[in-house]
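For reference, the structure is listed below as structure tokens.
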Amino acid sequence: RTKVNLMLDEIIAYMQLPSWQKVKGNRPLVPVLWPLQFETMLASQESSEERMTLSEFVDLIRSRVMAAGLENPYIVAQEINRSYQHASTFQAAGFDAFTDYQGGYGGTEATRDQGPSYASATQALIQTYESSFLGSMPFIPPMPIAMYAWPRATSSVYYHYREPLAGDLADRIKLTFEFLKSHPKQCDAQVVFSYSWNE
């Protein structure tokens, strides 16, 4: 709890800047990376004053942000991928939505440039939205720019899909935003998270 409050001291200072992303009117957008790790770490504290449940963690973020004079924050649970598998946990804890940090759907374990095409991975991404993300809880579509680890390779085999050909990235952006527009209830914040390590 003490460390969470220290983090919030710094984060709320940034949230008060005019450049902080707002959604649904004037609600500050607050992604929480690895909420399940926060849950485990907070539950394992020896001191009862430092322990928190995931619900208490979300409540603390919300109350601290609003106590600073900001609108009710839009708090997003964000695991690396397959966050949809934990949607019921996130919803019960009080998160407003979930998303993936990376979510490189459509790839495969392969040697360099033997993975699927970028275009086919884009189709797999959209199909994953439809088959796995749509459900009982709102979400922010993750739109990774690439899944191509070779510039920092330490192995001869990686999960990847190939780099985009001309027009492939534009198609991914277009299809993702079309999906967003056509699902205003499930994607109620009407934003996209786009992962890139400049791969």
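State whether one or more residues within the range 55-75 are under 20 Å from THR99 (Cα atoms), among the basic types (Lys, Arg) and not in a helix (DSSP H, G or I). No; the residues of the range 55-75 include none that is under 20 Å from THR99 (Cα atoms), among the basic types (Lys, Arg) and not in a helix (DSSP H, G or I). Checking the structure you have, find out if any residue of the range 76-85 is in a helix (DSSP H, G or I), touching a Ser or Thr at 6+ places or on another chain (Cβ under 9 Å) and of a type in the set (Phe, Trp, Tyr). Scanning the range 76-85 turns up at least one residue that is in a helix (DSSP H, G or I), touching a Ser or Thr at 6+ places or on another chain (Cβ under 9 Å) and of a type in the set (Phe, Trp, Tyr). Of the set (1) open to solvent by less than 60 Å² (accessible area, probe 1.4 Å); (2) more than 28 Å from MET147 (Cα to Cα), all apply to GLU46 but (1).
How many residues, within the range 49-62, are within 22 Å of the chain's Cα centre (by Cα) and open to solvent by less than 60 Å² (accessible area, probe 1.4 Å)?
7
Any idea which of ALA110, ALA121 is assigned to a strand (DSSP E or B) and closer than 26 Å to ILE173 by Cβ? Steps first, answer last, please.
Working: ALA121 fails: assigned to a strand (DSSP E or B).
Every option except ALA110 fails the conditions.
Taking the range 86-106 as the range and being part of a loop (DSSP other than H, G, I, E, B) and hydrophobic (A, V, I, L, M, F, W, C) as the test, only PHE95 passes.
Of all residue pairs spaced 6 or more apart or on separate chains, those with beta-carbon atoms under 8 Å, a first member in the range 39-51 that is assigned to a helix (DSSP H, G or I) and of a type in the set (Gly, Ala, Ser) and a second member that is open to solvent by 60 Å² or more (accessible area, probe 1.4 Å) and modelled with pLDDT of 95 or more are ALA43/ARG51; ALA43/THR53. Going through the range 5-38 one residue at a time, which ones are without any contact (Cβ under 8 Å) to a residue 40 or more places away in the chain and not in a helix (DSSP H, G or I)? Matches in the range 5-38: LEU17, PRO18, SER19, TRP20. Scanning the range 64-92 for residues that are surrounded by fewer than 22 Cβ atoms within 10 Å (Cβ to Cβ) and of a type in the set (Gly, Ala, Ser) yields ALA67, ALA68, GLY69, ALA87, SER88, ALA92. Residues that are more than 17 Å from ALA97 (Cβ to Cβ), β-branched (Val, Ile, Thr) and surrounded by 17 or more Cβ atoms within 10 Å (Cβ to Cβ) within the range 12-43 comprise just one, ILE12.
Taking the conditions (1) modelled with pLDDT of 95 or more; (2) assigned to a helix (DSSP H, G or I) in turn, PRO151 satisfies each one other than (1). ARG162 fulfils the conditions (1) surrounded by 15 or more Cβ atoms within 10 Å (Cβ to Cβ); (2) among the basic types (Lys, Arg); (3) within 26 Å of ALA77 (Cβ to Cβ) except for a single criterion, (3).
Can ARG152 be described as closer than 23 Å to PRO31 by Cβ, among the basic types (Lys, Arg) and open to solvent by 50 Å² or more (accessible area, probe 1.4 Å)? Judged against the criteria, ARG152 is not a match.
The values are calculated or read from the model by the stated rules, or taken from the named source; none is laboratory data. Keep in mind it's a predicted model, so treat the numbers as computed, not measured. Ideal geometry is used to build each Cβ from the backbone, glycine not excepted, and the neighbour counts take in all protein chains shown. Side chains are part of the model used for accessible areas, which takes the heavy atoms of the whole protein and leaves out ligands, DNA and RNA. Shrake-Rupley method; radii C 1.70, N 1.55, O 1.52, S 1.80 Å.
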